[in-house]
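Participant: Encoded as structure tokens, here's the structure I'll be asking about.
Please treat every number below as a calculation from the coordinates, not as lab data. Everything numeric here is computed off the predicted structure, so don't read it as measured data. FYI the Cβ positions are ideal-geometry reconstructions off the backbone, even for glycines, and counts take in every protein chain you see.
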């Protein structure tokens, strides 16, 4: 393959552009000098065909259904790793030694508390405030508690990484407690990362709350599967905000805000809302499977297919087994979960969905598991944020350490009025 690509412009000029090839043989045309040399820019709404950076964190092959963190297949991490070990891998680039993992976990455990002053912030939010609004607000506010810290910048950055990993579960759990009018539960540092979070979510001061071990195991796996997914909307937002040299807390808060949108992190919430719609109607799953096939139908089958994966979502394969295990063991009596299983079975067998490769995706199974765990629908996106945090931190770190990093500054093709003279208000009539 040539290491140059040629672009012929309307004026007849031919421009040579470098070709870049990644370690997995992904190919890109480097247009970084195009505007300076020609005055032209490229136009790519949504950046679906534009590489914004070179990254060594996550590899996806949507055609083959491959997802790897730092080269390690997601299947191996989900089966053999833990969320904190996977977080270390994403943030630092390699799997930790036992001592490194122990140190990382210990530091996170000792930073789970929030300043008492932060509790007063929650008093200012209305009872029905969306947990994502609280999450983004409180995370951004942490920059006011940890500002202008002395010391080696690398050490300070690492400490802020630990703080974010440690405190986000506490912030999230308190957001839930605010919404249900229950007292906040302080972290119990004798518990594991995921167990501690579920304890703060569902425990009460008046009882000795025991966390279901299967839920701890499932949550750890869910967080691993959501930990990173290449240059998605929220990750790209974190990198863009970090490119202005905004502090790490502000950059992560921007990622939370981007994730909040229904086109991104809200997908698993839509799965449950769809199941509720089917349940309310009472027409049965078969009716809605048929509606999903009709082009003029307003009904959308949520949680099936994926923009990136043209085959089965590898994360969904893993979650399906865990989902079956939870529903089978706990024998939860919930009509929505019964509908979900019927819908899954119908879609996997129906030729219409099989031919179009509209398989259940990670949002379908994660929504079902969160429902089985007793999490409110409004908290589903918060769970996504908990999982995606190490990926955001890894990308912010990678951007910061890139010697040639620049502030993000996309261009545009202007389509408004040409020069127009100002007309005074009297003349405008």
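Participant: Using a Förster distance of 35 angstrom, determine the FRET efficiency expected from the C-beta separation of residue 95 and residue 146, and round it to 0.05. It would help to have the intermediate numbers written out before the result.
Facilitator: Details: r = 28 Å, r/R0 = 0.81.
That gives a FRET efficiency of 0.80.
Participant: Another question, if that's okay. Only Cα pairs within less than 10 Å get springs; with that Gaussian network setup on the chain, which residue of 204, 330, 67 has the largest fluctuation?
Facilitator: Of 204, 330, 67, the Gaussian network model singles out 330 as fluctuating most.
Participant: Let me test this: with uniform point scatterers at the alpha carbons of segment 4-51, what is the Debye-based log₁₀ I(q)/I(0) at q = 0.23 1/Å?
Facilitator: -0.95
Participant: Rank these for me by crowding, 88, 422, going from fewest to most other beta carbons within 10 Å. Intermediate values should be presented prior to the final figure.
Facilitator: On the way: 88 22, 422 5.
So the residues, fewest neighbours to most, are 422, 88.
Participant: Between segment 81-100 and segment 327-400, what is the separation of their alpha carbon centroids in Å?
Facilitator: 25
Participant: Something else: When 44, 313, 351 are ordered from fewest to most other Cβ atoms inside 10 Å of their Cβ, what list results? Can you show the working numbers first?
Facilitator: Working: 44 10, 313 25, 351 7.
With the fewest neighbours first, 44, 313, 351 line up as 351, 44, 313.
Participant: Would you mind getting the Kirkwood hydrodynamic radius of the chain from its Cα pairs, rounded to one decimal in Å?
Facilitator: Averaging 1/r across every pair of different Cα atoms and inverting gives 23.9 Å.
Participant: What is the spin-label model distance, in nm, from residue 214 to residue 378 if the labels are put 7 Å beyond Cα along the C-beta direction?
Facilitator: Each label point lies 7 Å from its Cα, and together they span 2.9 nm.
Participant: Can I ask one more? Fewest first, what order do 174, 392, 260 take by the number of other Cβ atoms within 10 Å? Show your work: numbers first, answer last.
Facilitator: Values: 174 25, 392 29, 260 21.
Least to most surrounded, the residues fall as 260, 174, 392.
Participant: What residues from segment 350-376 fall in the zone where the backbone N is under 18 Å from a label point 7 Å along the Cα-to-C-beta line of residue 206?
Facilitator: So the set is empty, nothing qualifies.
Participant: Could I ask something else about it? Would you mind getting the Kirkwood hydrodynamic radius of segment 275-372 from its Cα pairs, rounded to one decimal in Å?
Facilitator: Working: mean 1/r = 0.0720 Å⁻¹.
Roughly 13.9 Å, rounded to one decimal.
Participant: Kindly state, to the nearest 0.05, the FRET efficiency for residue 28 paired with residue 233, given R0 = 30 Å and r defined as their beta-carbon distance. Show your work: numbers first, answer last.
Facilitator: Details: r = 20 Å, r/R0 = 0.67.
Computed FRET efficiency for residue 28 and residue 233: 0.90.
Participant: Sticking with this one: Is it possible to state the helix-based mean residue ellipticity at 222 nm for the chain, with each DSSP H run of 4+ residues giving -39500 (n - 2.57), the sum divided by total residues, to the nearest 500 deg cm²/dmol? What is it? Could you put the intermediate results ahead of the total?
Facilitator: Values: 19 runs with 229 residues, N = 429.
That calculation yields -16500 deg cm²/dmol at 222 nm.
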